[in-house]
Amino acid sequence: MFFFFAETAQFRRGLVCRVTTGSSTDKMVVVQHVSVSDGETTLWCYENKPVTRRINHKGISVIDFDPACVTSPFSPRFLEITDELPLQNDGWGARYRREALKSQAQAAADRENEIRKIHLSSNHRSSIRSGA
């Protein structure tokens, strides 16, 4: 039972995965929903493609097809987690892309702050040694 929780914990909404077996091998999918029923985990995923748009008869740009609206069930055994970002800039899947970009920017800012702290502390130590 413990292994079951460890397997499920690594998959979360908005995660981009590669299909490893079956008819959709090497297809990139985005996890939209994780469901657990009778001890089995099912990942409801949609294809990682950008939203397509078209111009309607009034000349307004509208969404033609949003891949996030078509989900398929996958077993966690058939998916491999990747570091890629979802490709949807608008539509239903855009939220996951924004969250991923935001977390990447936050991680970069945290790294920059750590480097700055290390640099400042080394400058402070050298000024104390020199007697300034």
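The values are calculated or read from the model by the stated rules, or taken from the named source; none is laboratory data. What you are looking at is a predicted structure, and each value in this text was computed from that prediction instead of being measured. Neighbour counts are summed over all protein chains in view; Cβ atoms, including those assigned to glycine, are modelled from backbone coordinates with ideal geometry. To get the accessible areas, we keep the full protein, side chains included, count just its heavy atoms, and leave off ligands, DNA and RNA. Shrake-Rupley method; radii C 1.70, N 1.55, O 1.52, S 1.80 Å.
Yes/no per residue for (1) among the aliphatic types (A, V, I, L, M); (2) surrounded by 12 or more Cβ atoms within 10 Å (Cβ to Cβ); (3) touching a residue at least 40 places away in the same chain (Cβ under 8 Å); (4) out of contact with any strand residue (DSSP E or B) (no Cβ under 6 Å at 6 or more places or on another chain):
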residue	(1), (2), (3), (4)
VAL30	yes, yes, yes, no
THR42	no, yes, no, no
SER75	no, yes, no, yes
LEU85	yes, yes, yes, yes
ARG98	no, yes, no, yes
LYS102	no, no, no, yes
ALA108	yes, no, no, yes
LYS117	no, no, no, yes
SER122	no, no, no, yes
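Which residue out of ASP66, ASP90 is over 25 Å from GLU40 (Cα atoms), among the charged types (D, E, K, R) and surrounded by 16 or more Cβ atoms within 10 Å (Cβ to Cβ)? Give the steps one after another, and end with the answer.
On the way: ASP90 fails: surrounded by 16 or more Cβ atoms within 10 Å (Cβ to Cβ).
Only one candidate passes the filter, namely ASP66.
Need at least 2 residues that are more than 20 Å from the chain's Cα centre (by Cα) per element, so show me which strands (runs of 3 or more DSSP E) inside region 19-132 make the cut, counting only ones lying wholly within it.
On the way: elements: 28-37, 40-47, 52-55, 61-65, 72-74, 79-81.
Qualifying strands (runs of 3 or more DSSP E): 28-37, 52-55, 61-65.
Does THR8 fit the bill of being on the phi < 0 side of the Ramachandran plot, modelled with pLDDT of 90 or more and either open to solvent by 70 Å² or more (accessible area, probe 1.4 Å) or among the hydroxyl-bearing types (Ser, Thr, Tyr) (or both)?
Working: on the phi < 0 side of the Ramachandran plot: yes; modelled with pLDDT of 90 or more: no; either open to solvent by 70 Å² or more (accessible area, probe 1.4 Å) or among the hydroxyl-bearing types (Ser, Thr, Tyr) (or both): yes.
No, not satisfied.
Please go through region 21-54 and pick out each residue that is within 15 Å of GLU84 (Cβ to Cβ) and of a type in the set (Ser, Thr, Tyr).
Kept after step one, since they are within 15 Å of GLU84 (Cβ to Cβ), are these residues of region 21-54: 26-31, 45-50.
Across region 21-54, the qualifying residue is only TYR46.
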